[in-house]
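Okay, so here's the structure we're looking at.
The values are calculated or read from the model by the stated rules, or taken from the named source; none is laboratory data. Predicted model, so just to flag it, every value in this text is computed and none were measured. A quick note on method: Cβ atoms are made from the backbone with ideal geometry, for glycine too, and the neighbour counts reach across all protein chains shown.
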Amino acid sequence: MDFTINTPALLFPAMSLLLLAYTNRFNVIASRIRSLRDLWENEHNEKILFQLHNLRRRVKLIRLMQMLGVFCMFGCVLTMFLLFYGKVEAGQYAFGLSLILMLASLYLSIREIHFSVVSLDIVLSDLEMELNDHQTRSEETESNSAKKYFH
């Protein structure tokens with residue numbers, strides 16, 4: 001395999017986009033935490049507290065994802081520097097480490113998505129209960145109407 005200075009440069013666009021996506025996630029979650037904190041001050045609802053706990057875990061994961069992504073880019077720059085000075089074997093090791101850091105960052109991204117789904121389940125559980133109550137009332141109304149009609 002031909003390992004040139006261009007090889008680690010291939011990760012720059014991917015890591016740049018990933019870091020941008022991670023930053024956007026972080027900003028959205030930070031905004032959500034602030035709004036839920038204000039809501040918690042007024043309502044003291046247990047579900048809000050659980051949401052805040054879940055969002056805190058997500059923010060910590062995103063921070064770690066960002067750090068791993070930055071270290072991946074650092075490893076790529078180090079690889080390019082080593083290749084520039086003719087240290088091919090050391091460059092290969094540095095690039096391998098960069099790839100491992102990128103994999104770790106992507107794995108944490110999957111974990112963060114899982115926590116996001118848990119948060120959505122909490123939000124949707126209230127709506128689901130309300131929908132079930134509405135359907136039960138509708139069925140009872142229809143049943144009572146049918147009984148009146150046939151009696």
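Quick one: what pairs do we get from region 96-115, first residue within 9 Å of Met65 (Cβ to Cβ), second surrounded by fewer than 19 Cβ atoms within 10 Å (Cβ to Cβ), C-beta under 7 Å, 6+ apart or different chains?
Short answer, once both residue conditions are applied: Leu108/Leu64.
How many residues, within region 33-47, are at pLDDT 85 or above and under 14 Å from Ser119 (Cβ atoms)?
3
Given the criteria within 21 Å of Arg111 (Cα to Cα), modelled with pLDDT of 90 or more and in a helix (DSSP H, G or I), does Phe50 qualify?
Against the criterion (within 21 Å of Arg111 (Cα to Cα), modelled with pLDDT of 90 or more and in a helix (DSSP H, G or I)), Phe50 does not qualify.
Does Gly96 satisfy the criteria of being outside any helix (DSSP H, G or I) and among the small types (Gly, Ala, Ser)?
no
What residue, of Phe50, Phe84, is under 18 Å from Phe115 (Cα atoms), touching a residue at least 40 places away in the same chain (Cβ under 8 Å), surrounded by fewer than 14 Cβ atoms within 10 Å (Cβ to Cβ) and of a type outside the set (S, T, N, Q)?
Phe50
Among the residues of region 1-44, how many are without any contact (Cβ under 8 Å) to a residue 40 or more places away in the chain, in a helix (DSSP H, G or I) and closer than 20 Å to Tyr85 by Cα?
Adding up the residues that qualify gives 1.
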